[in-house]
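The values are calculated or read from the model by the stated rules, or taken from the named source; none is laboratory data. All figures in this text were calculated on a predicted structure; none of them were measured in a lab. Please note: Cβ atoms are built from the backbone with ideal geometry, for glycine as well, and neighbour counts cover all protein chains shown. Accessible surface areas use protein heavy atoms only, side chains included; no ligands, DNA or RNA. Shrake-Rupley method; radii C 1.70, N 1.55, O 1.52, S 1.80 Å.
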Amino acid sequence: MREITIHDTLSGDVRPLETREPGRVGVYACGPTVYGRIHIGNARPFVVFSLLKRFLTSQGYEVTFVANVTDVNDKIYAAAGAAGVDSETLAADMTAHYIADTERLGLGRPDREPLASETIPEIVALIERLIERGYAYAADGDVYFAVRKYERYGELSHRRLEDVDQGEGKEGADRKRDPLDFALWKAHKPGEDTAWDAPWGRGRPGWHIECSAMAEALLGLDFEIHGGGSDLVFPHHENEMAQSRAAHGLPLARLWMHNGMVRLAEEKMSKSIGNTFLLHNALDAYGRDALIVYFCSGHYRQPIEFDDERLAAAAANVARFREVARKLVPGASPAWSAPLRDEFFTALAEDFNTPRALAAAFEWVREANRAGGDVGDADLREMLGVLALSNLLDVEDVSAPAEAQALLTEREAARAQRDWGRADAIRDELRDLGWEVRDGGAGPELIPVP
Ligand SMILES: [Zn+2]
């Protein structure tokens with residue numbers, strides 16, 4: 001097995017993937033809080049970790065990929081209140097949209113998609129354990145994590161206690177023993193339309209404890225890869241990590257893998273781009289192929305701009321793959337392919353470098369275009385398959401209608417008589433009918449105009 005390394009936010013280094021059991025990997029990536037339709041920024045971790053799973057699977061690992069849905073959260077109560085609907089209905093609607101929108105990316109589903117609302121018993125048990133071990137305390141129906149009791153606090157986000165702000169504002173400030181503490185459970189408040197019973201009173205969980213409980217329940221402790229956007233490192237992941245380790249004395253995860261943000265630069269943004277920031281609109285506007293290539297064109301750790309230039313480049317790159325497909329034949333690839341295939345997989349093994357892997361695939365395309373005769377597609381198909389793009393090589397078998405076929409025959413006759421003017425006129429006529437003439441090694445072909 002090829003060694004796989006991944007950048008780990010906790011150590012700050014690129015580290016080897018070391019599994020608990022040989023050949024098995026658990027991946028947990030924080031999913032969306034379902035208070036609105038998801039946008040390109042929410043889609044990025046879905047794409048990164050779905051593709052990571054495909055890559056690990058291609059390397060022989062058995063992967064369990066868990067992506068949760070946060071369906072109990074302050075943002076949901078606020079959005080439901082503003083929309084005049086109950087929060088359960090809003091969360092259920094937005095969960096359905098999230099599933100449908102991400103389904104269109106054609107990456108399959110994560111293996112498990114737990115809902116916070118379905119994990120309440122596990123959440124309550126985890127909080128009870130933290131209280132028993134002295135890391136948490138109840139106060140007027142709320143429960144808080146006592147940050148100073150946990151000596152390793154700050155190790156993931158590399159911050160000192162004096163720089164810690166949980167972002168909870170004034171909420172619970174009078175009940176916290178220390179302003180550093182964060183909420184594990186919030187007592188039921190008027191205006192909140194969901195609540196669950198717990199030993200310290202009716203209420204609902206805080207965001208961070210939801211993920212600890214869901215991850216532990218499905219992957220156990222010390223699992224291989226915990227992922228999410230870099231905006232979640234603090235406080236969300238710092239707190240997840242503190243809760244699980246304080247409760248069990250074991251790390252939650254071995255590698256903490258964070259993707260960079262998607263940036264919308266106002267000055268570089270056309271109006272059309274702004275309108276397509278929601279995933280379903282982007283899928284309508286650019287199609288899933290261009291979006292997958294767009295995401296792969298940036299290294300997952302780096303921020304990526306969402307702008308016309310990058311989307312146009314992605315569309316052009318999709319066209320390059322579709323184009324080369326016309327000269328490929330099923331079967332083994334030529335000898336020049338092996339080093340490029342190797343470079344492709346090495347790039348992904350070295351901190352999941354998708355832009356470097358794509359560059360190897362494009363080099364493959366250049367070689368294929370240079371090569372005479374038919375080129376076996378096997379290696380490129382395998383490479384693109386890892387990025388969920390092998391469909392680009394499936395040349396649609398669209399046959400031209402009889403009218404176009406007749407014009408093509410007429411054009412051939414004109415060319416045979418060296419009547420170039422007539423041949424060109426027929427080519428234009430065909431174009432108007434939606435067919436382009438390609439003069440390939442096997443004679444002229446009619447290709448649908450893109
Ligand atoms: Zn989370």
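Of R204, R415, R431, which has the most accessible area with a 1.4 Å probe, and how do the rest follow in descending order?
R431, R415, R204
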Worksheet item: For the chain, modelled as a GNM with alpha-carbon contacts under 10 angstrom, which of H39, H237, H158 fluctuates the most?
Response: H158
Item to complete: Would you work out if the chain is rounded, prolate or oblate? Take a ≥ b ≥ c from the square roots of the eigenvalues of the alpha-carbon gyration tensor; rounded if a/c is under 1.5, else prolate when a/b is larger than b/c, oblate otherwise.
Response: prolate
Response to the item:
Among beta bridges assigned by DSSP with both residues in the chain, the antiparallel ones amount in percent, to the nearest 5, to 50 percent
Worksheet item: Which cross-chain or sequence-distant (5 or more) residues have an amide H under 5 Å from the amide H of G227, H modelled 1.01 Å from N in plane?
Response: Y28, A29, C30, M257
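Suppose we keep just the DSSP beta bridges with both residues in the stretch 1-66; what percent of those would be antiparallel, to 5?
Taking every DSSP beta bridge with both residues in the stretch 1-66, the antiparallel ones total about 45 percent.
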Fill in: Integer Hz, Karplus 6.51/-1.76/1.60 couplings in order for the stretch 324-331, x for Gly and Pro
5, 4, 5, 9, 8, 10, x, x
Practice prompt. Quick one: pull the percent of accessible area on the stretch 183-246 belonging to carbon and sulfur, 1.4 Å probe, ligands and nucleic acids left out.
Written response: 53 percent
Item to complete: Putting +1 on Lys and Arg Cβ atoms and -1 on Asp and Glu Cβ atoms, find which of Y150, L130, G172 reaches farthest to the positive end of the dipole of the stretch 110-172.
Response: Y150
Worksheet, complete the sentence: Any residue on another chain or 5+ positions along whose placed amide H is under 5 Å from the amide H of E305 is listed here as R263
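Just add up the charged neighbours of I127: K/R +1, D/E -1, any other residue whose Cβ is under 12 Å from the Cβ of I127.
-1
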Discussion item. Given a Förster distance of 60 Å, report the FRET efficiency between R263 and A416 from their Cβ-Cβ distance, rounded to the nearest 0.05.
Written reply: 0.60
Worksheet item: In nm, what is the difference between 0.36 nm times the number of residues separating A96 and V14 and their Cα-Cα distance?
Response: 25.9 nm
Response to the item:
The ³J(HN,Hα) series, computed from each phi in the stretch 168-182 with the Karplus coefficients 6.51, -1.76 and 1.60 at θ = phi - 60°, rounded to the nearest Hz and given as x for glycine or proline, is 8, x, 7, 4, x, 4, 6, 9, 6, 6, 8, x, 6, 5, 10
Worksheet item: What part of the accessible area of the stretch 279-371, given as a whole %, is carbon or sulfur when the probe is 1.4 angstrom?
Response: 52 percent
Response to the item:
Given a 1.4 Å probe, the accessible area of the stretch 197-241 per residue, as a whole number of Å², is 24 Å²
Discussion item. Suppose every Lys and Arg Cβ carries +1 and every Asp and Glu Cβ carries -1, with no other charges. What dipole size does the chain come out with about its Cα centre, to the nearest 20 debye?
Written reply: 560 debye
Worksheet item: Which of P235, A319, P114 sits closest to the plus end of the dipole of the chain, meaning its Cα is farthest towards the positive end, when Lys and Arg get +1 and Asp and Glu get -1 on the C-beta?
Response: P235
Fill in: Å² per residue, accessible surface of the stretch 326-407 at 1.4 Å
44 Å²
Practice prompt. Can you grab the distance from the C-alpha centre of the stretch 243-267 to the C-alpha centre of the stretch 33-84, Å, no decimals?
Written response: 13 Å
Practice prompt. Before anything else, pin down the relative contact order of the stretch 296-363: Cα pairs under 8 Å, at least 6 apart, normalised by residue count, whole percent.
Written response: 45 percent
Discussion item. If I model a spin label at N275 and A359 as a point 7 Å from the Cα along the Cα→Cβ vector, what separation in nanometres do I get?
Written reply: 3.7 nm
Worksheet item: Under the Karplus relation 6.51 cos²θ - 1.76 cosθ + 1.60, θ = phi - 60°, what is the ordered set of whole-Hz ³J(HN,Hα) values for the stretch 5-16, x standing for Gly and Pro?
Response: 10, 9, 6, 10, 5, 5, 8, x, 10, 7, 10, x
Worksheet entry | Cross-link table K75/K149; K149/K186; K53/K75; K53/K186; K53/K327, entries beyond 24 Å C-alpha to C-alpha | K75/K149; K53/K75; K53/K186; K53/K327
